[in-house]
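Student: First the structure, then my questions, so here it is.
No value in this document is a laboratory result; all are computed from the given coordinates. Please read these numbers as outputs of a predicted model, since none were measured by experiment. With ideal geometry, Cβ positions are generated from the backbone for all residues, glycine too; neighbour counts draw on all protein chains shown.
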C-alpha cells in the first residue's frame, strides 16, 4: 500500500517532469494563503496518512506526511507527549507534511526549538521522481548532509515529503500564565533577562501594553518560578495560547495584510502605524495593516532580521525577504539539482531564475 | 616554463596581502599529517594558516583557480579522519582565527571565530550565568569551527541538543570564493535552511569563518546519580522508564562490565562486585525542579532493580561520579595501548540486542571491547582494543567495527551519531544509503562546490567507490537503473 502510493507518486512526478508540467503539492489546503501565488496541477498527497511508528520511550515518532496534525497530536497526547515546536493549526485539515513544508513553529519555539529542530528524518520524492530517505529514526545522526532538515520550510519546492520522523517531548504536567503591565521595550528586555535564567518559560506574548508569560513544567518548577517572577495570574484568558498559536486571537481577525517580522529577540521596537503583537521573547513580531514593503524590510534587515508578507495583501511586492546574491546562487543550484524541470511548486517560494 | 602545482600554489599564496603564514617544509608539514584518526596519515602539499577571513578567502580563490583541493582543519580532534590532508592539496588551518567577537548576555549569543575552543565559549559566558551546551569529550581543545563541521554532540544532547540545535548563524566561504551569510541573529532566516546543511558537512560545503552560537542558562542545581545494575538489559530498561515517565535528563550515560573493571583497577571506585552495567543519570534546572526530578529518577532507578544508587550531594561528589565516565577511555587504554571507537546510533530499545552482538563479535575476533555510551539517545561507543604492533590486529578491529555499524543499520540506526563519516566510514555510507541518495548528497555538495575542491573524497563516497566495494545496498529492484553504478 505504502509502496503503491509512493511508486505512483514517483511516476506522476516523472511524467510531469517529462512534460515540464508544474505541480502544486497539496494536502489539507489550509496554507494556500502562504507563499507566492499557486500554480500548476494539484498533486494531492493527503491520502498518504497514518502513524508509521511511535515509540514513546524513545521519544521518536514517524508519520506519513498526509496525516492530519490533529491526529498526530491526539496520538501523542495519549502518551502525554507533544510536538514541542507547537505548530499552528490553520484548520482541521492541516497535515503534518504541510506544517513541516511551511516550517511553522508556534509559541514554544524560542524555548523548545523550531519545527526543523525536531525533524530527525524524511522520506521524499524529488523532482526527478526518485524516492529518497534521509536522516533516520534516531536522536543523533550525522551520516550524510542534513537533507531532511533542509525540507523544513522549503515549501515543497525541493521534493514532496512522504514520511517524516520527529523527536517528540513529554508534555509538561503543569502550565500557568502570568500577566504584567509593561511597554514593548521594557517587556522585550524583561523576557530576555528571564530567558537567561533557569526558569521554565515556554511562551511570551506582548500586545497593547500587556505582557503574558507562560510557564510550563513540573509543578515544583512552575510554582517556584511563579513566586520569583511576580505578576498576576492571567485567569481572564482561558485558551489564550492555543488561540494565539492558531491565529484565532482578535489581533489576527481581519483581512488586512499580515506581516511577520523575524528579528533578533532583543531588537528595539520597530514602530509602524499599526498595532503589533510580539511573540518569541521579541523574536517574532506581527504587524497587521498596509505598510511600505521596502521600508519595513529595510528596518527589519537593519536590525538583523527579515520580513515575510504572511497573509493577505499585495504579493507582487514579494512574499519572502530577498536573498543576497551569493545565497540565491546556492538556492538556485539546489533547486536545479532536486527539481531539474522546475515542476515542484514553482513560484511558491522564490523565482529562482528571475531577478531574485 | 613548467611549474609544479605545489610551487605555483606556494608562489601565489606568498603574494597574499597581508602576508599569510605558510608552511611548506617537510619538517613543518609533518605534525599536520593526521587528525585524531591516527591510523591514517598523509603529508599535505602546503599548510596555510590565515588569521582573517580575507586571507582565508584568498586561499580559496587561489586554490579554485589552480584546481587544488582544500582541506579545512581546526584543532584536529576529529576521530573519523575528516581533516586528514591530501598530498596534492592545501591544508587550511583555522586555529589562528580565534577571536571571541562578542558575547551578548541579554540576547544569549556568542559570536566567535572558528578557531575558538568549545570550552572557552562557555568560560566567556559563565560570568553571565550562561553556557554553550554541546560538550564533546574533547571540549577543552576542540574548536567551534570543527564542531559545526561535524555537528558535534556530547553527553548532554538528550536535553540540550546537538550543535545544529545551538547555532544561529555561520559565515562560510564557498568554493567560488563567495562569503555566505547563513542563518542570522534572528530565530530563522529566509529561504532554504542552509544552516542545517552546512552543520555536519565535514568541510565539504564551505570554509567556516565565523559562528554565532546560542547560549543557555546555567542550571541552578544539578543532581547526579550513579546506579549499578546486574545487566546492561536492566540498565537499558531503567533508561526507558525514566524517559517514559516524562523526565528528560540532562545526561544518561552507561558503562559495561569491561569498563567497570578497568575503572575499578585504575580509579578504585568501589562499585558493587556484581555490577554488569553502570548508569549515570543527571538532571538539572531550577533548584526545586532538579531536586524533584532527582527524587523521581532515583525511585525509578531503584524500582528497576539497581543493586545500588549513589547520589552526589555536592560538586565534589558529582565530579567523583562522573570520573568513571570521563576517565573511562583512559582506564580502558591501560588494557591495550590502541583502541578504535565506534559511533553507531540505534533506537534505544535495541541496545541490549546490539550489545549482545558486539560481545559475540568480540569473541569471534578475539578482541577486547568496552562499551561506554550515551544511553539516553542510543548513541553507542564500543571501544575495540588492539595492539598496533601486532600484524593484522588493526585490520581485524576495523573489520569488526564495520560489522558493528552494519548491525546498527539493520536495526534502523545509523553509522555515525556524532563523530562524522570522514574517511573512516565511507564504506558504510554505501550500506546505509542507496545510489540515488548518495547522488543527492553530491548534488548538495556541488551547489556549494561545483568543482569538488573542498575536502574532496570525504564524508560522501563516490558511486564508483560504492560499486567497487560491492557494498551498495539495494532494496528490492533498483528504482533507477539509469544511474551509473559501474
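Student: Please compute the Cα-Cα pair-distance distribution of segment B:170-304 with 5 Å bins starting at 0, giving whole percents from short to long.
Tutor: In whole percents, the pair-distance histogram is 2, 9, 15, 13, 9, 9, 11, 11, 10, 8, 3, 1, 0.
Student: Describe numerically, in nm with one decimal, the distance between label points set 7 Å from Cα along Cα→Cβ at residue A:171 and at residue B:126.
Tutor: Computed distance between label sites residue A:171 and residue B:126 equals 4.1 nm.
Student: How many Cβ atoms of partner chains, on average, are near each residue of A:148-155 if near means within 10 Å of its Cβ?
Tutor: Details: counts 1, 8, 7, 3, 3, 7, 3, 1.
Per residue, the average neighbour count from other chains is 4.
Student: Moving to a separate point now. Work out the mean other chain Cβ neighbour count within 10 Å for the residues of A:123-136 and drop it here as an integer. Can you show the working numbers first?
Tutor: On the way: counts 0, 1, 0, 3, 0, 4, 2, 9, 6, 7, 6, 4, 1, 8.
Mean inter-chain Cβ contacts per residue within 10 Å come to 4.
Student: Which residues does a label at residue B:296 reach in segment B:154-169, if reach means a backbone N under 20 Å from a point 7 Å past the Cα toward the Cβ?
Tutor: Under cut-off, by backbone N: B:156-161.
Student: Another question about this same structure. With a cut-off of 8 Å between alpha carbons and a minimum separation of six or more residues, what is the relative contact order of chain B in percent?
Tutor: It rounds to 14 percent for chain B.
Student: With r defined as the distance between the Cβ atoms of residue A:185 and residue B:99 and R0 fixed at 25 Å, what FRET efficiency is calculated, to the nearest 0.05?
Tutor: So the FRET efficiency works out to roughly 0.20.
Student: Next question, about the same structure. So if the hydrodynamic radius of segment B:222-277 is defined as the Kirkwood radius over C-alpha pairs, what does Stokes-Einstein give as its diffusion coefficient at 4 °C and 1.567 mPa s, in µm² per second?
Tutor: Working: Rh = 12.2 Å.
D = 106 µm²/s.
Student: Considering only chain A, what is the antiparallel percent among its DSSP beta bridges, to the nearest 5?
Tutor: Details: 57 of 62 bridges.
Of the beta bridges lying entirely in chain A, close to 90 percent run antiparallel.
Student: Averaging sequence separations of C-alpha pairs under 8 Å and six or more residues apart, then dividing by the length of segment B:338-457, give the relative contact order as a whole percent.
Tutor: On the way: 149 pairs, mean separation 33.9, N = 120.
Normalised by residue count, the contact order of segment B:338-457 is 28 percent.
Student: Give, in whole angstrom and from largest to smallest, the semi-axes √(5λ) of the equivalent ellipsoid of segment A:238-289, with λ running over the eigenvalues of the Cα gyration tensor.
Tutor: Values: eigenvalues 70, 45, 12 Å².
Gyration-tensor ellipsoid for segment A:238-289: 19, 15, 8 Å.
Student: Here's another thing I want to ask about it. So if we plug the beta-carbon distance of residue A:292 and residue A:11 into 1/(1 + (r/R0)^6) with R0 = 51 Å, what FRET efficiency do we get, rounded to 0.05?
Tutor: 0.60
Student: Still on this model: What number does chain A give for Rg over Rh if you use C-alpha atoms and the Kirkwood radius?
Tutor: Values: Rg = 20.6 Å, Rh = 21.3 Å.
Taking Rh as the inverse mean 1/r over Cα pairs, Rg/Rh reads 0.97.
Student: Can you give the FRET efficiency to the nearest 0.05 for residue A:53 and residue A:314, using r as the Cβ-Cβ distance and R₀ = 60 Å? Could you put the intermediate results ahead of the total?
Tutor: On the way: r = 45 Å, r/R0 = 0.74.
Computed FRET efficiency for residue A:53 and residue A:314: 0.85.
Student: For segment A:299-346, evaluate the Debye formula with one uniform point scatterer on each Cα (no solvent term) and list log10 I(q)/I(0) at q = 0.22, 0.24, 0.29 Å⁻¹, rounded to two decimals.
Tutor: Cα-only, vacuum Debye calculation for segment A:299-346: -0.96, -1.01, -1.05.
Student: Another question, if that's okay. Anyone know which of A:224, A:268, A:154 comes out most mobile in the 10 Å Cα GNM of chain A?
Tutor: A:224
Student: Equivalent-ellipsoid semi-axes (√(5λ), Cα gyration tensor) for segment B:233-340, whole Å, largest first?
Tutor: Numbers: eigenvalues 130, 48, 31 Å².
Semi-axes from the Cα gyration tensor: 25, 15, 12 Å.
Student: One-quarter of the Cα convex hull surface for the protein assembly as shown, in nm²?
Tutor: Working: hull surface 139.1 nm².
Taking a quarter of the hull surface, the average projection is 34.8 nm².
Student: Taking only Cα atoms and a 10 Å spring cutoff, compute GNM fluctuations for chain A and point out the largest among A:196, A:283, A:153.
Tutor: A:196
Student: In a GNM of chain A with a 10 Å cut-off on Cα contacts, which of A:336, A:117, A:236 has the highest mean-square fluctuation?
Tutor: Judging by the Gaussian network model, the answer is A:236.
Student: Return B:23, B:438 ranked ascending by Cβ neighbour count within 10 Å, so the fewest neighbours appear first.
Tutor: Details: B:23 18, B:438 22.
So the residues, fewest neighbours to most, are B:23, B:438.
Student: How many percent of all Cα-Cα pairs in segment A:169-238 sit more than 15 Å apart? If you can, show how the numbers build up before the last one.
Tutor: Numbers: 1199 of 2415 pairs.
Tail of the P(r) past 15 Å holds 50 percent of the pairs.
Student: With the radius of gyration and the Kirkwood radius both derived from the Cα set of segment A:60-178, what is their ratio Rg to Rh? Could you put the intermediate results ahead of the total?
Tutor: Values: Rg = 14.0 Å, Rh = 14.5 Å.
Taking Rh as the inverse mean 1/r over Cα pairs, Rg/Rh reads 0.97.
Student: So, one more: Counting helices only, and only those DSSP H runs with n ≥ 4, report the 222 nm mean residue ellipticity of the protein assembly as shown as the sum of -39,500 (n - 2.57) divided by its residues, in deg cm²/dmol to the nearest 500. Intermediate results must be reported in sequence, preceding the final value.
Tutor: Working: 27 runs with 268 residues, N = 842.
The helix-only estimate for the protein assembly as shown comes to -9500 deg cm²/dmol at 222 nm.
Student: Mind giving me the nanometre distance, one decimal, between the label points for residue A:237 and residue B:353, set 7 Å out from Cα along Cα→Cβ?
Tutor: The two pseudo-label positions are separated by 4.8 nm.
Student: When the scattering of segment B:311-423 is computed by the Debye formula from its Cα atoms alone, each counted once and equally, what is log10 I(q)/I(0) at q = 0.16, 0.17, 0.22 Å⁻¹?
Tutor: -0.76, -0.84, -1.22
Student: Okay, next question. Report, to the nearest 10°, how far helix A:2-19 tilts away from the longest principal axis of the Cα atoms in chain A, using its own Cα long axis and a range of 0 to 90°.
Tutor: Result, in degrees: 70.
Student: How big is Rg to Rh over segment A:1-86, alpha-carbon atoms, Rh as the Kirkwood inverse-mean-distance radius?
Tutor: Values: Rg = 15.9 Å, Rh = 15.0 Å.
Radius of gyration over Kirkwood radius for segment A:1-86 works out to 1.06.
Student: Follow-up question, since we're still on this one. Find the centroid of the Cα atoms in segment A:207-286 and in segment B:159-199, then give the distance between the two in whole Å.
Tutor: Here the answer is 27 Å between Cα centres.
Student: While we're on this one: Quick check: Cα centre of segment A:62-110 to Cα centre of segment B:260-324, how many Å?
Tutor: When both Cα centres are located, 37 Å separates them.
Student: Residue by residue through B:338-350, how many Cβ atoms from other chains fall within 10 Å of the Cβ on average? Don't skip to the answer; put the middle values down first.
Tutor: On the way: counts 0, 0, 0, 0, 0, 3, 2, 8, 4, 9, 7, 3, 2.
So the per-residue partner count for this stretch is 3.
Student: Based on the alpha carbon coordinates of segment B:30-91, what radius of gyration and maximum Cα-Cα distance (Dmax) apply, in Å?
Tutor: When restricted to Cα atoms, segment B:30-91 yields Rg and Dmax of 11.6, 34 Å.
Student: Just report the Cα centroid separation between segment B:370-449 and segment A:15-41, whole Å.
Tutor: Comparing the Cα centres of segment B:370-449 and segment A:15-41, I get a distance of 39 Å.
Student: Now, a different point. If you average the sequence gap of Cα pairs under 8 Å that are 6 or more apart and divide by the length of segment A:195-321, what percent do you get for the contact order? Can you show the working numbers first?
Tutor: On the way: 180 pairs, mean separation 30.2, N = 127.
Answer for segment A:195-321 is 24 percent.
Student: Let me ask another. What is the distance, in nm, between label points placed 7 Å from the Cα along the Cα-to-Cβ direction at residue A:18 and at residue B:317?
Tutor: 7.3 nm
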